[in-house]
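The values are calculated or read from the model by the stated rules, or taken from the named source; none is laboratory data. Quantities reported herein were computed from a predicted structural model and do not represent experimental measurements. Cβ: placed from backbone, ideal geometry, glycine included. Neighbour counts: every protein chain shown.
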Amino acid sequence: MAPWKVIPVLISLLVACEAIKFEIQGGSSKCLGEEIGKGTLVVGEYKVVEASAPAVEKISVKVTSPFGKLLHSGDIVPSGQFGFTTEEAGNVMACFWIPGSTAGQFVTVELNWKIGVNAKDWEGVAKKDKITDIELDLRRLEAQVTSVLEEMTYMREREMQMRNLNEITNSRVAWFGILSLVVCLGVAGWQATYLKGYFERKKIL
C-alpha cells in the first residue's frame with residue numbers, strides 16, 4: 001500500500017458541512033484526522049458516490065484512536081457507519097483505500113462526520129422527553145454552549161501542556177549546554193596539563 005495521505009480537517013469545517021467528498025486514487029490511501037477531546041460522541045457515515053469502474057465501487061475503512069486502538073473497520077464495502085465515544089483526547093484518524101486497485105483507478109467518497117453536540121439524536125430526545133420545538137432548541141443551544149466551553153478548556157489544557165513541555169525542553173538544553181562547556185573546559189585543562197608535563201619531560205620547556 002502506498003504511503004498514507006493525511007488531510008487535517010477542522011471541526012468547524014465538519015460542523016458547517018453536512019458531508020464532505022474526497023477522491024481516492026488506486027494504489028494510495030487517504031486519511032482524515034481530527035483533534036477530539038475525551039468523552040466526545042463521534043458518529044460517521046460514508047459511501048462511495050462515484051467510481052472509475054464497477055470493480056472499484058467498494059472501499060476499505062479503518063478508524064483509530066489517538067493511541068492506535070481500532071474503533072471501526074470496514075473491509076470491501078460500498079458504504080458504512082460508525083459511532084463511538086472517545087476514551088482519550090487526541091487525534092482520531094479515519095483512513096480509506098481501494099483494496100486490490102491499481103494506478104489510474106479512483107473512487108469518490110462522501111463522508112458525513114458529526115462530532116459532539118452535532119452527533120446527538122435530537123429528534124429522539126424530543127420524542128422521548130415529549131418537549132416542544134422551542135424547548136428542544138433551547139436544549140440544543142445549551143449543549144452547544146457547554147461544548148464550546150469544554151473545547152476551550154481542552155485547548156487551554158493543551159496549551160499549558162505544550163508550554164510546560166517547552167519550558168522543560170529549554171531547561172534541559174540549557175543544562176546540557178552548561179555540562180558540555182564544563183566538559184570542554186575540563187578536557188582543555190587536562191590537555192594543557194598533559195602537554196606541559198610532556199614538554200617538561202622532554203626538556204622542551
Ala94: passes all of (1) surrounded by fewer than 18 Cβ atoms within 10 Å (Cβ to Cβ); (2) under 20 Å from Gly37 (Cα atoms); (3) hydrophobic (A, V, I, L, M, F, W, C) but (1)
Answer with yes or no whether Glu87 is crowded, with 17+ Cβ neighbours inside 10 Å and modelled with pLDDT of 85 or more. no
Scan region 29-38 and give yes if some residue there is under 30 Å from Glu157 (Cβ atoms) and surrounded by fewer than 17 Cβ atoms within 10 Å (Cβ to Cβ), otherwise no. yes
Any idea which residue in region 124-144 is surrounded by the fewest Cβ atoms within 10 Å (Cβ to Cβ), counting only those that are hydrophobic (A, V, I, L, M, F, W, C) and at pLDDT below 80? Leu138
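For (1) in contact with a strand residue (DSSP E or B) (Cβ under 9 Å, 6 or more places away or on another chain); (2) over 21 Å from Glu34 (Cα atoms), each residue gets a yes or a no:
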{"site": "Leu70", "(1), (2)": "yes, no"}
{"site": "Pro99", "(1), (2)": "yes, yes"}
{"site": "Val107", "(1), (2)": "yes, yes"}
{"site": "Val117", "(1), (2)": "yes, no"}
{"site": "Lys130", "(1), (2)": "no, yes"}
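Listed here are the residues, each with its yes/no results for (1) without any contact (Cβ under 8 Å) to a residue 60 or more places away in the chain; (2) among the hydroxyl-bearing types (Ser, Thr, Tyr).
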site	(1), (2)
Phe82	yes, no
Gly90	yes, no
Cys95	no, no
Pro99	yes, no
Gln105	no, no
Thr108	no, yes
Leu111	no, no
Ala119	no, no
Glu123	yes, no
Residue in region 42-61 that is farthest from Asp75 (Cα to Cα), counting only those that are part of a strand (DSSP E or B) and among the charged types (D, E, K, R): Glu50
Could you run through region 23-41 and say how many residues are in a strand (DSSP E or B) and touching a residue at least 60 places away in the same chain (Cβ under 8 Å)? 11
Please go through region 146-163 and give me each residue that is at pLDDT below 80 and more than 17 Å from Glu88 (Cα to Cα), ordered by number. Thr146, Val148
